[in-house]
There are 2 protein chains.
Amino acid sequence: MENKKKGVCAPQGFLAAGIHSGIKREKNDLALVFCKVPCVTAAVYTSNQVKAAPLYVTMEHLKDGKAQAVIANSGNANCCAPFGRENAVRMARAVAEAVGIQKQDVIVASTGIIGVPLEIEKIEKGIPSLVNALSEEGSSKAAEAIMTTDTYKKECAVDVILNGKTVKIGGISKGSGMIHPNMGTTLTFLTTDVNIEQNLLQKALQYCVKRSFNRISIDGDTSTNDMACLMASGLAANSLIEKEDSQEYATFVQALLEVCTHLARELARDGEGSTRLISCTVCNGESEDKAEIMAKAIIASTLTKAAMFGGDANWGRILCAMGYSGVPFDFEKTDLYFKSVSGEIKACENGRSLPFDNKLAKIILSEEEIHIIADLKEGKEKATAWGCDLTYEYVKINGMYRS
Amino acid sequence: MENKKKGVCAPQGFLAAGIHSGIKREKNDLALVFCKVPCVTAAVYTSNQVKAAPLYVTMEHLKDGKAQAVIANSGNANCCAPFGRENAVRMARAVAEAVGIQKQDVIVASTGIIGVPLEIEKIEKGIPSLVNALSEEGSSKAAEAIMTTDTYKKECAVDVILNGKTVKIGGISKGSGMIHPNMGTTLTFLTTDVNIEQNLLQKALQYCVKRSFNRISIDGDTSTNDMACLMASGLAANSLIEKEDSQEYATFVQALLEVCTHLARELARDGEGSTRLISCTVCNGESEDKAEIMAKAIIASTLTKAAMFGGDANWGRILCAMGYSGVPFDFEKTDLYFKSVSGEIKACENGRSLPFDNKLAKIILSEEEIHIIADLKEGKEKATAWGCDLTYEYVKINGMYRS
């Protein structure tokens, strides 16, 4: 991955910044991504019925499929709080005035605690210095400023050649709790300089989110504030992508999927309290959708997550999760494997226990990334989902979140 | 609750016993409930597709709606293990031979670790002394012998007068992990001396399980071994209950619901690692089913469970769980309350935060039983679900389950 460090600023036209406005005690809490030109823009939102005020404002602003800036704060979700809508609009207006664009071209997002009134004056006061700080090196600062319980920032970028032109895609994301499939996604801001029609950009985003952000779970709770947006400046000057069945569209989607998958895996790896990334592939299934549902049930199983924390190859919990996932399958044909850089064991064959080396299992499960493989032996399709282990630290973080 | 200590032995005709057969290292692990006469019998099973072998054997044995004994072991689930079916049949046969009944009249259940071969010889060797130990005082021993990670035994009994005759209902249950709504239930053995038709007994059991055992969640994992059965000896000699619209049926169901609710609440209270019982009522809803789905989503929310452990009135997580429950509602009409023996606070009105005394909130949430009340203000129906907090101890128990 080249340009990784440039993140959302890798594609042509984009600047970013992050500052401390005072919503959080000390850490940076206000991020801005700005493009020098108007962008065709796509977005997806949480499927939670209780949606935070900024999402409604953003939906309105994106009715025309265009945007030029993203303003986002951390430390307060602006959800179920007095003056939610008014404050979200004020955030957009302050940015619009400071950079000289329409407020309808500003995407607004918030993340943090639910139900506390947003201190909008602090944000408004911070926006001029935020705009001042905009730079092509600003992606990391923006990625930091949207973090909540994340322990590190998530950003990346890739290059891809379309019709002889280099197209770049960059992104930043934040976790790391209240994360569960069936959402739009967590907060993720993606940028690209590709030249593409808006309806195809939206299709590409949905295709990739389904296979990346919607295949992770940290804790089974679908957030009220989730959103992913993708702004395309067109400055790469490739010939306009306007056909879904074109080679260019396919190549672009593949590159976008690479960025989304990288960010989604990082979110899972840094899930609240996590000590390891759990990657689960259900293979040789009848359909990708069936495999996806099962893989998601496994990585979301509290008991499996706790076993992975303990380094315990308790495969019965995996078969159990597949059993309640709602997808019909023949467990008496199913094989289960645990795998990591330290080796591989087959723990179960045709739904029955196999003798395996417990000491080796312990070593395999002590690694930082663990693969669980469930082989259904009924077809050719597969899907991978990502999660993390359940730890004492998770309980600590969420028992004491507001103290 | 009279006769509470007699548990499954409270109704006329029933004996019970529990012994140590050697499946577990030290604790009692083999339970028997026996009736002097054949009983009309009802049962419900886990909805998990992966079902343990004893459940299939029990389903076959209960095809005629009759049984006379329950044999159950803890320490091993006899699920996904070699010779599962054969071993379950051997358990039934050994009991049948020892007490002189048909093996088809024996209900078989197992609970414990999945995937480990059952040491059937130990069970067969233990059954003669188990039968010897049968007594009218044996309910507590049986309740102990089915425990896994439970910290105390669950049993109860009630009396009810039907047409001038005293009818008794008793039960024992075990928890305390892999417990989640959508199941049949956990392991629960119920007895009664009521005189009733089998189809009505089955209806009564299903009605009560839906409103008790199926309204609890410990960890979101639906077990492979869950089952509840209800044996009716008829020895109370009340006139046969054969009509669903009779006063006697209604009275019996109400008493059965009392027993089931008591046991279900105890399972939630003693959930793995739990420090407190969380009781959640969604009220003034359009329908009981809608209220039930929402109440279950709230008590199953990992984030809400962790907040309750921390004594944190983080009501945004409750509204968030209602939002992703899948039930349409107007969150801008919803009020939320926290309540315990120490008082009550209203934390949210019409979907917006209310100022409340944080010190009082902390005191209220430090109690052993906490009530969460969500008022939808859209109708007259309500439902209550029960769960527990998420603690360090849960992670410890399930990270190290097999060590």
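The values are calculated or read from the model by the stated rules, or taken from the named source; none is laboratory data. Everything numeric in this text was worked out from a predicted model, so none of it was measured. Ideal geometry is used to build each Cβ from the backbone, glycine not excepted, and the neighbour counts take in all protein chains shown.
Yes/no matrix, rows are residues, columns are (1) without any contact (Cβ under 8 Å) to a residue 40 or more places away in the chain; (2) away from every other protein chain (no Cβ under 11 Å); (3) within 29 Å of B:VAL57 (Cα to Cα); (4) within 16 Å of the chain's Cα centre (by Cα):
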| position | (1), (2), (3), (4) |
| --- | --- |
| B:GLN247 | yes, yes, no, no |
| B:LEU257 | no, yes, yes, yes |
| B:HIS262 | no, yes, yes, yes |
| B:LEU267 | no, yes, yes, yes |
| B:GLY273 | no, no, no, no |
| B:CYS283 | no, yes, no, no |
| B:ALA295 | no, yes, no, no |
| B:GLY311 | no, no, no, no |
| B:GLY316 | yes, no, no, no |
Candidate set: the range B:322-337, residues that are under 20 Å from B:GLY379 (Cα atoms) and within 8 Å of another protein chain (Cβ to nearest Cβ); chosen: the one surrounded by the fewest Cβ atoms within 10 Å (Cβ to Cβ): B:PRO328
Select, from B:GLU124, B:GLU97, B:GLU86, the only residue that is farther than 19 Å from A:CYS320 by Cα, out of contact with any strand residue (DSSP E or B) (no Cβ under 9 Å at 6 or more places or on another chain) and within 14 Å of chain A (Cβ to nearest Cβ). B:GLU86
For the range B:294-301, state whether one or more residues are touching a Ser or Thr at 6+ places or on another chain (Cβ under 9 Å), in the same structural domain as B:GLN206 (by TED's automatic domain parsing) and buried (at least 24 other Cβ atoms within 10 Å of the Cβ). no
Output yes when any residue across the range B:60-79 is closer than 27 Å to A:ILE298 by Cα, within 14 Å of chain A (Cβ to nearest Cβ), of a type in the set (A, V, I, L, M) and more than 20 Å from the chain's Cα centre (by Cα), and no when none is. no
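Does B:ILE298 meet the test of being closer than 30 Å to B:GLY326 by Cβ and touching a Lys or Arg at 6+ places or on another chain (Cβ under 9 Å)? Reasoning before the result, please.
Details: closer than 30 Å to B:GLY326 by Cβ: yes; touching a Lys or Arg at 6+ places or on another chain (Cβ under 9 Å): yes.
Yes, satisfied.
Does A:ALA96 satisfy the condition of being among the small types (Gly, Ala, Ser), in the same structural domain as A:SER135 (by TED's automatic domain parsing) and either surrounded by fewer than 19 Cβ atoms within 10 Å (Cβ to Cβ) or farther than 18 Å from B:ARG352 by Cβ (or both)?
Working: among the small types (Gly, Ala, Ser): yes; in the same structural domain as A:SER135 (by TED's automatic domain parsing): yes; either surrounded by fewer than 19 Cβ atoms within 10 Å (Cβ to Cβ) or farther than 18 Å from B:ARG352 by Cβ (or both): yes.
For A:ALA96, the condition - among the small types (Gly, Ala, Ser), in the same structural domain as A:SER135 (by TED's automatic domain parsing) and either surrounded by fewer than 19 Cβ atoms within 10 Å (Cβ to Cβ) or farther than 18 Å from B:ARG352 by Cβ (or both) - is met.
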So B:SER340 fits all but one of (1) touching a strand residue (DSSP E or B) at 6+ places or on another chain (Cβ under 6 Å); (2) of a type in the set (Gly, Ala, Ser); (3) within 10 Å of chain A (Cβ to nearest Cβ); what number is the exception? (3)
Yes or no: the range B:310-325 includes at least one residue that is among the aromatic types (Phe, Trp, Tyr) and within 16 Å of B:CYS388 (Cβ to Cβ). no
By my count, strands (runs of 3 or more DSSP E) wholly in the range B:87-194 with at least 3 residues that are under 20 Å from B:SER212 (Cα atoms) and within 25 Å of the chain's Cα centre (by Cα) are B:154-162, B:165-173, B:187-192
Scan the range B:205-224 and tell me whether some residue there is in the same structural domain as B:ALA31 (by TED's automatic domain parsing), within 14 Å of the chain's Cα centre (by Cα), surrounded by fewer than 22 Cβ atoms within 10 Å (Cβ to Cβ) and assigned to a loop (DSSP other than H, G, I, E, B). yes
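Conditions tested, residue by residue: (1) surrounded by 14 or more Cβ atoms within 10 Å (Cβ to Cβ); (2) modelled with pLDDT of 90 or more; (3) under 28 Å from the mean Cα position of the chain (by Cα); (4) not hydroxyl-bearing (Ser, Thr, Tyr).
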residue	(1), (2), (3), (4)
B:GLY343	no, yes, no, yes
B:CYS348	yes, yes, no, yes
B:GLY351	yes, yes, no, yes
B:ASN358	no, no, no, yes
B:LEU365	yes, yes, yes, yes
B:ASP375	yes, yes, yes, yes
B:THR384	yes, yes, yes, no
Pairs needed: first member in the range B:35-59, within 14 Å of another protein chain (Cβ to nearest Cβ) and assigned to a strand (DSSP E or B); second member anywhere, surrounded by 21 or more Cβ atoms within 10 Å (Cβ to Cβ) and β-branched (Val, Ile, Thr); C-beta distance under 8 Å; at least 6 residues apart or different chains. B:TYR45/B:THR58
Restricting the range B:136-152 to residues that are in contact with a helix residue (DSSP H, G or I) (Cβ under 8 Å, 6 or more places away or on another chain) and modelled with pLDDT of 90 or more, the residue that is surrounded by the most Cβ atoms within 10 Å (Cβ to Cβ): B:SER139
What's the number of the only condition in (1) within 24 Å of A:GLY351 (Cα to Cα); (2) touching a Leu at 6+ places or on another chain (Cβ under 6 Å) that B:ALA77 fails to meet? (2)
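Name the one entry in B:VAL259, B:VAL253 that is in contact with a strand residue (DSSP E or B) (Cβ under 7 Å, 6 or more places away or on another chain) and either aliphatic (A, V, I, L, M) or in the same structural domain as B:THR186 (by TED's automatic domain parsing) (or both). Give the derivation first.
Numbers: B:VAL253 fails: in contact with a strand residue (DSSP E or B) (Cβ under 7 Å, 6 or more places away or on another chain).
From the options B:VAL259, B:VAL253, the qualifying one is B:VAL259.
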Checking A:GLY7 against (1) within 14 Å of chain B (Cβ to nearest Cβ); (2) assigned to a helix (DSSP H, G or I); (3) of a type outside the set (D, E, K, R), which single condition isn't satisfied? (1)
Quick one: would you say B:GLU393 is of a type in the set (Asp, Glu), within 23 Å of B:ASP219 (Cα to Cα) and either within 13 Å of chain A (Cβ to nearest Cβ) or surrounded by fewer than 21 Cβ atoms within 10 Å (Cβ to Cβ) (or both)? yes
